[in-house]
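Down below is the structure, laid out as structure tokens.
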Amino acid sequence: MTKYTKAALLSGLVFPGLGQIYLKQYLRGFAIILIMVSSLSSIIVMVTISALKTIGNLQNQGSADIAIASSLITSASTDYALFYNISLMLIVCCWIFSIVDAYRIGKRGDA
């Protein structure tokens, strides 16, 4: 297996940025990893905050009616919809960039 194929597979299947690190492009690899980790952690934080607000609202309601819970969850998920969409697009674009970039750098290094 060629060096550029390994790098592209590392970035595509394991974690974005690992292909760049494999090709000794450390700054670029760590920058991609930092973007991915910060995007993923911000999504996790926002989901946790939303879940805690929903649980608090359910406890304030006093009843465990499924219709009320469903409406609270629906409203909580639409509160941060734009943030989730932007973060997801950043993750997807970063992942694709990482694969293409690792392949391109590896191909240039083999030439």
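Every number here is computed from the coordinates shown, using simple stated rules; none is lab data. Treat the numbers as computed from the prediction; the structure is a model and nothing was measured. Cβ: placed from backbone, ideal geometry, glycine included. Neighbour counts: every protein chain shown.
For the reader, a short list of remarks on this structure follows.
- When the stretch 9-37 is limited to residues that are touching an Asp or Glu at 6+ places or on another chain (Cβ under 9 Å) and of a type in the set (Gly, Ala, Ser), the one that is nearest to Gly106 (Cα to Cα) turns out to be Gly19.
- Total residues in the stretch 39-90, condition closer than 30 Å to Phe15 by Cα and not in a helix (DSSP H, G or I): 1
- If you check Phe97, Phe15, Phe83 for being surrounded by fewer than 14 Cβ atoms within 10 Å (Cβ to Cβ) and aromatic (Phe, Trp, Tyr), only one passes: Phe83.
- Residue in the stretch 29-46 that is farthest from the chain's Cα centre (by Cα), counting only those that are farther than 30 Å from Ser75 by Cα and buried (at least 18 other Cβ atoms within 10 Å of the Cβ): Gly29
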